[in-house]
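Below is one structure, written out as structure tokens; the observations come after it.
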Amino acid sequence: MLNLSRFKEKVILISGAGRGIGRATAVRFGEEGGFIFVGYRQNKEKAEETLALIKKAGGDGVVLVLDVSSPESVATCVEEIKKIKQKVDILVNNAGILPGKVLGEYDEDLLEKILAVNEKGVYR
């Protein structure tokens, strides 16, 4: 039997939660009563759609700007979380970019951007 409240007291931060896997993960945590910080970098509208789905599923949360490639953005996000919930129980490092080019077509700037999000972003 599924326990639909096992994350009721849990605070979850999900980067890249505006669509795709991040959105599906956020909604699933919402179904189980979690409070989700919906992290997004560019599309606030998509992040707000995710939050609406979380609330419809029975969870709660807040939309936060979170650019994992920026130490300043991460620090600001952490400060906002501290003001709202003081903690994060579960972190889902979902943010990532895939440029739709073959590896040999990456220029230095694109490679740096990919590494800043997909590699350094997990560390931050």
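Details
- Gly16 being surrounded by 14 or more Cβ atoms within 10 Å (Cβ to Cβ), touching a residue at least 24 places away in the same chain (Cβ under 8 Å), touching a helix residue (DSSP H, G or I) at 6+ places or on another chain (Cβ under 6 Å) and more than 23 Å from Ile97 (Cβ to Cβ): no
- Within the stretch 33-71, if we keep just the residues that are among the polar types (S, T, N, Q) and touching a helix residue (DSSP H, G or I) at 6+ places or on another chain (Cβ under 6 Å), the residue that is nearest to Leu115 (Cα to Cα) turns out to be Ser69.
- Residues that are open to solvent by less than 30 Å² (accessible area, probe 1.4 Å), free of Cβ contacts under 8 Å to residues at least 40 places away in the same chain and either farther than 23 Å from Ala75 by Cα or part of a strand (DSSP E or B) (or both), drawn from the stretch 35-49: Ile36, Val38, Tyr40
- Of all residues in the stretch 63-94 being of a type in the set (D, E, K, R) and closer than 27 Å to Leu110 by Cα, the one that is least open to solvent (accessible area, probe 1.4 Å): Asp67
The values are calculated or read from the model by the stated rules, or taken from the named source; none is laboratory data. Bear in mind that the values here come from a model prediction, so they are computed numbers and not experimental data. Glycine also receives a Cβ, built like all others from the backbone with ideal geometry; neighbour counts cover every protein chain displayed. The protein model used for the area step is the full one, side chains on, heavy atoms only, and it has no ligands, DNA or RNA in it. Shrake-Rupley method; radii C 1.70, N 1.55, O 1.52, S 1.80 Å.
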